[in-house]
1. Output the number of the condition that residue 158 fails; it satisfies all remaining conditions of (1) assigned to a helix (DSSP H, G or I); (2) surrounded by fewer than 18 Cβ atoms within 10 Å (Cβ to Cβ).
2. Please go through the range 514-534 and give me each residue that is part of a helix (DSSP H, G or I) and of a type in the set (D, E, K, R), ordered by number.
3. Taking the condition modelled with pLDDT of 95 or more and either open to solvent by less than 50 Å² (accessible area, probe 1.4 Å) or on the phi > 0 side of the Ramachandran plot (or both), does residue 527 pass?
4. Is there a residue being among the β-branched types (Val, Ile, Thr) and either under 18 Å from residue 196 (Cα atoms) or modelled with pLDDT under 90 (or both) anywhere in the range 567-589?
5. Consider only pairs whose beta carbons are under 6 Å apart and that are at least six residues apart or on different chains; among these, list those whose first residue lies in the range 361-376 and is over 14 Å from residue 424 (Cα atoms) and in a helix (DSSP H, G or I) and whose second residue is open to solvent by less than 10 Å² (accessible area, probe 1.4 Å) and polar (S, T, N, Q).
6. Which one is surrounded by the fewest Cβ atoms within 10 Å (Cβ to Cβ), of the residues in the range 378-435 that are small (Gly, Ala, Ser), out of contact with any Lys or Arg (no Cβ under 8 Å at 6 or more places or on another chain) and more than 21 Å from residue 455 (Cβ to Cβ)?
7. Between 278, 297, 271, which is touching a Gly at 6+ places or on another chain (Cβ under 7 Å) and either open to solvent by less than 10 Å² (accessible area, probe 1.4 Å) or modelled with pLDDT under 95 (or both)?
8. Within the range 236-276, take every residue that is out of contact with any Ser or Thr (no Cβ under 8 Å at 6 or more places or on another chain) and not in a helix (DSSP H, G or I) and give me the one that is nearest to residue 350 (Cα to Cα).
Amino acid sequence: MKRASLLFWILVIIAAFLTLAGIFALPSSTSKAWLFGLSGQRLTLALFPLLGILFSISMALLGLAAPERYTRITASFRKFFSGSAMLSGGLGFWAALFLAGALIYYRLAIAPEAAELSHKLGALFPALHAYLNRLWPVLMFLAFCLGCGAWAAVQILKAPLFQNPGLMIGCGAGVLAFFATLFQWMVFLFQLRVFEQIPGWYWPIILKPDFTRHVALFGLFFLFSLFILYRIRRFPRPVWSNLALICLLFIGLQYAIGFMEGRGAASLTDRFFLSYHRVYIEEACNTTLSGREAVTRYEGLYPSMFFQTKPPGVLWLAFQLNQIAGLPVLSSLLEQLSGTIPLSEYLPGMVSASCRRSMALATFTFPLLASSTVWILYGFSRRLIGREEYQQLACYSALAFALAPNILMLALFPDQFFYPPLFLLVAWMILSALQRKSFWVCFLIGAALYAVIFLSFSMLPLLTIPVFYLACVIWQKNNPIEALTNLIRTLLPMGLGGLLSMLLFKVFLNYDILTRYHRMMTTRIQGDFYTRLDLQFTGEATWLEKIRQTWEAAKLNNIELAAAVGFPLFIFFVVMGLRSLIHVIQRKPVETAAMNASLFLAYVALNALRVVLGEAARLWMFWVPVMAVLAMQYLLPAIHRSRWLMFVWVSVQFITVFLSYQFQDYLMPQLLP
């Protein structure tokens with residue numbers, strides 16, 4: 001036996017003895033004492049390090065007494081783990097690092113302040129604190145063992161772990177996603193107000209009843225999702241049937257979340273129409289003005305906060321909804337359906353027949369419209385990849401989108417049913433037009449972009465996509481002459497099309513985007529960065545103050561959005577975006593790098609705008625399809641190697657969806673208990 005091997009086993013024995021000492025440092029309470037003054041739970045915890053001691057002593061003695069047999073055993077170990085040495089080593093390294101870091105931070109920064117934090121984090125924090133104190137030695141020993149596993153992969157199995165940065169980054173992202181998700185689950189289960197300590201956090205912890213009944217209902221949908229995964233892998237063609245099943249799952253989950261409140265479809269209606277966001281439909285149904293008149297006189301007629309933070313297109317869409325609901329072919333049916341979905345509270349502005357019809361139309365069609373994103377994801381994936389595997393990418397991306405908690409729980413909001421498919425569709429059209437390099441196609445896209453932004457300022461990041469995409473392509477090809485030609489044939493006509501639309505909207509609708517955007521920014525900044533934080537608005541902020549506010553908003557918005565869509569989806573979106581950007585900078589001939597990098601940079605640019613502080617789970621929902629596509633692109637090679645990866649992903653995501661509903665639910669403040 002080599003001296004290094006003997007030293008390894010001695011270190012494991014020492015670590016295990018220290019773990020036992022930590023477990024037995026304090027006796028259990030008298031009521032729970034079972035053996036030697038220790039509780040059964042504490043003795044059970046001691047089994048883990050005790051088994052480690054027995055195994056290490058056995059291996060050390062075997063190496064000293066029977067070195068040939070020890071060599072045969074270690075050779076079998078090498079043979080068994082050699083195929084997965086890189087993956088096991090990478091996961092073990094990052095798991096040990098994150099786990100040890102979190103435990104040390106807890107011991108040094110949180111445990112000493114436990115009494116004070118109990119008042120801030122909730123009534124169940126002391127129970128969690130007690131559990132962590134008991135588990136701390138065992139978890140530290142687990143971190144040590146994971147680190148030993150990584151060391152064995154490098155030193156014994158000779159895995160070139162740190163010579164493969166791509167694998168290490170992927171393993172790090174996966175482990176980070178695991179621990180972030182585990183932390184989120186703990187926050188929900190122990191009802192901790194951790195996120196609420198961030199200034200501007202929008203979604204409080206609440207507790208819903210009927211835990212067991214909700215588990216059973218979500219369990220049925222989970223089994224259905226596993227069936228879909230089986231079909232995607234076993235019967236990838238025809239792809240439309242798998243996409244149709246995903247649509248069915250998505251629509252069913254939206255209505256199920258509404259029905260679980262106990263009032264059938266009316267509960268789903270309440271989630272939107274009892275919030276203040278109904279004001280656009282309420283105004284469109286009750287006013288005597290036409291949609292065009294409301295748009296042309298928007299600045300004078302609608303000075304309230306909700307209207308001032310939106311372009312007139314949001315109100316115009318409400319007028320169109322009211323018109324459709326009033327069509328003779330639909331009005332009688334909608335009138336009958338409206339009787340089945342009464343609001344749980346009396347709202348004077350929603351009692352008119354037109355309001356009831358619009359409410360019924362929204363309740364029974366908006367969840368279906370939201371599922372259109374699934375089909376647009378198919379077309380987008382086909383354009384992005386262009387190879388046979390685009391079908392699997394489309395299915396997995398659609399499933400990831402359909403299982404985002406905020407997408408499921410904010411049904412009926414335009415941010416959920418309209419903006420995500422619109423954003424993805426227009427991004428697809430932009431990238432296709434830039435690749436075709438057709439003057440007139442780009443001209444039409446530029447004109448359409450202005451019209452899309454008229455409908456929602458959430459679509460503003462679309463303006464940056466052609467700029468970032470061309471910059472990435474120009475840098476990759478490193479051809480100045482071709483770059484100038486591309487600019488003339490693409491960005492120039494887009495700009496001309498946008499100017500034409502600007503002129504037409506000003507002449508016919510009296511709409512000026514610059515004036516409206518400036519007023520929106522003023523209202524939003526005052527409301528988000530001052531009123532919401534109980535700060536006094538003192539006028540224009542200094543540059544240093546603006547930078548600080550932008551940084552604080554970026555931290556809050558990204559944490560909130562990551563929790564809302566699921567940490568794995570968000571983390572792998574960021575990793576794929578960064579990898580694509582690095583490929584562009586290195587001028588690697590990766591076909592999808594420029595498109596992925598342009599989408600990611602558009603998201604980064606959105607964070608640089610000092611416009612939103614909190615509520616990103618709703619306001620930034622239009623990014624979820626893009627996040628799904630980029631994250632699944634990154635994971636697709638691993639999914640091909642391991643058939644269980646997507647089953648694990650879907651299982652984790654379903655647990656996150658269930659806990660998000662049971663302990664948070666993304667309810668507007670007006671609906672909170």
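1. The one condition residue 158 does not meet is (1).
2. Within the range 514-534, 516, 519, 524, 528 meet the criteria.
3. no
4. Step one: of the range 567-589, the residues among the β-branched types (Val, Ile, Thr) are 571, 574-575, 582, 584-585.
Applying the additional criterion that residues be either under 18 Å from residue 196 (Cα atoms) or modelled with pLDDT under 90 (or both) yields none.
No, there is no match, as no residue in the range 567-589 is among the β-branched types (Val, Ile, Thr) and either under 18 Å from residue 196 (Cα atoms) or modelled with pLDDT under 90 (or both).
5. These pairs meet every condition: 363/269; 367/254.
6. 386
7. 271
8. 275
The values are calculated or read from the model by the stated rules, or taken from the named source; none is laboratory data. Worth saying up front: this structure is predicted, and the values here are computed from it rather than measured. Quick reminder, even Gly has a Cβ in these numbers, built from the backbone with ideal geometry, and neighbours come from all protein chains shown. The area values use the complete protein model at the heavy-atom level, side chains included, leaving out ligands, DNA and RNA. Shrake-Rupley method; radii C 1.70, N 1.55, O 1.52, S 1.80 Å.
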